[in-house]
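A short write-up of the structure that comes next.
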Amino acid sequence: MFRVELDYGKIRELAKKYEPDMTRFLRDMIAIPSESCQEEKLIQRIKQEMEKVGFDEVVIDPMGNILGYMGTGERLIAFDAHIDTVGIGNRDNWTFDPYEGFEDAERIGGRGASDQEGGMASMVYAAKIMKDLGLLEGLRVVMVGTVQEEDCDGLCWQYIVKEDKVRPEFVVSTEPTDGRIHRGQRGRMEIMVKTKGVSCHGSAPERGDNAIYKMAPILQELRALHANLKDDPFLGKGSLAVSEIFFTSPSRCAVADSCWISIDRRLTAGETKELALQQIRNLPSVASSGAEVSLYTYERPSYTGLVYPTECYFPSWVLEEDHPVTKSMVDAFKGVLQKEPVVDKWTFSTNGVAIMGLLGIPCIGFGPGHEDQAHAPDEVTWKSELVNCAAVYAALPRIYADRYGR
């Protein structure tokens, strides 16, 4: 077993030294619009940065994910940042240009600053610190910039593990964690409920069967179901929200012949796909109307044109408090930042739904930025957090290998 003495002071010093590089890199990434399935230009910019700092190998896979490798050891540890963003929403809600962004002494602003291109900036320079300080004996790290997460969280990692055949010992998600360590999250499902009717002229609605009216009692019962979903002491309560409603009708002067809704279902610990679907199918209004309950399927092409269909089920996951990966992250945090961490969980969803939820690879979270900045106007992140995360990332693989690994 390789054992390398860690100089936390030197790690902190290098992370601070690279702050201007991380800041410039992040601002460059923010300036490139990169909504899901439109990430190609940003991937090329990340490739350029990885090559500049001296990655040993940089690969762009057929889906369009970028994988930058540092080190040549047999043991592989991965860091993940999804590099796609949501759109900007109503431009009037921004006080600065979301792509030009802004910078002051403490913050960087722009779409993707917290969610989550800041994580990519910290990851790239963490790898450089590992190389600078000789921390990769027996190890290999891969810094992964993933695509389409905002559209379909975890799809990218299903592809990376199943098709690229890359399976690390564990993965660090660099989604924003508000300065905390996160070891789990609720899962989610995208569910469709559809009612069918018969159209007729709107002047004599009794001649038809209105699919919208059939949906009305279902909506009320779904609202009541939300209040009675399971609670978990760590992950919190399962939830249900009707997020969209659609219909078909021959015209505005006709009775609707179909109606369907989308449900955002958040799954707490112990809630399964089958359970969540059956809870809805068991509602009296669903049964009496003959409504169909199903999962959506995601099959939108990536920017490379690749289609990798998956059902929209993303399970919850929790890494144990005493797991070697959790212990390693806590030790890295304490050693580098010289304080006790808060260990918590995300409210939102991450690629961990596939990494650990579907594929069983241990996943731990620590990333620059704050959850409340995600998808919000005037999105910002903090320079100090870029530095802190880069330093903790740089120490983590060595601590894991020397203290807790096989």
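Here are the numbers for the structure shown:
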| quantity | calculated |
| --- | --- |
| Of all residues making up the stretch 48-58, the number that are surrounded by fewer than 15 Cβ atoms within 10 Å (Cβ to Cβ) and either touching a residue at least 24 places away in the same chain (Cβ under 8 Å) or within 19 Å of Asp28 (Cα to Cα) (or both) | 4 |
| Test for Ile43: is it open to solvent by less than 50 Å² (accessible area, probe 1.4 Å) and either assigned to a strand (DSSP E or B) or over 23 Å from Glu150 (Cβ atoms) (or both) | no |
| Gly270, sole failed condition from (1) more than 20 Å from Leu295 (Cα to Cα); (2) out of contact with any strand residue (DSSP E or B) (no Cβ under 6 Å at 6 or more places or on another chain); (3) small (Gly, Ala, Ser); (4) in contact (Cβ under 8 Å) with a residue 12 or more places away in the chain | (1) |
| Residue satisfying all of: in the stretch 287-324; in contact with a helix residue (DSSP H, G or I) (Cβ under 6 Å, 6 or more places away or on another chain) and not in a loop (DSSP other than H, G, I, E, B); nearest to Gly365 (Cα to Cα) among these | Trp317 |
| Near pairs, Cβ below 7 angstrom, 6+ apart or cross-chain, from the stretch 103-126 (within 12 Å of Phe25 (Cβ to Cβ) and in contact (Cβ under 8 Å) with a residue 12 or more places away in the chain) to any residue that is open to solvent by 10 Å² or more (accessible area, probe 1.4 Å) and among the basic types (Lys, Arg) | Ile108/Arg27; Ile108/Lys383 |
| Selection count, the stretch 308-320, where residues are touching a Leu at 6+ places or on another chain (Cβ under 7 Å) and either open to solvent by less than 50 Å² (accessible area, probe 1.4 Å) or at pLDDT below 95 (or both) | 6 |
| Conditions (1) of a type outside the set (Asp, Glu); (2) part of a loop (DSSP other than H, G, I, E, B); (3) in contact with a Leu (Cβ under 7 Å, 6 or more places away or on another chain); (4) open to solvent by 50 Å² or more (accessible area, probe 1.4 Å): number failed by Ile32 | (4) |
| Answer from Phe102, Phe79, Phe96 - the residue that is among the aromatic types (Phe, Trp, Tyr), under 26 Å from Ala376 (Cβ atoms), over 18 Å from the mean Cα position of the chain (by Cα) and open to solvent by less than 40 Å² (accessible area, probe 1.4 Å) | Phe96 |
| Some residue of the stretch 291-307 being more than 30 Å from Ala401 (Cα to Cα), among the small types (Gly, Ala, Ser), open to solvent by 40 Å² or more (accessible area, probe 1.4 Å) and without any contact (Cβ under 8 Å) to a residue 40 or more places away in the chain | yes |
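The values are calculated or read from the model by the stated rules, or taken from the named source; none is laboratory data. All figures in this text were calculated on a predicted structure; none of them were measured in a lab. Glycine gets a Cβ as well: all are built from the backbone with ideal geometry, and neighbour counts include every protein chain shown. The protein model used for the area step is the full one, side chains on, heavy atoms only, and it has no ligands, DNA or RNA in it. Shrake-Rupley method; radii C 1.70, N 1.55, O 1.52, S 1.80 Å.
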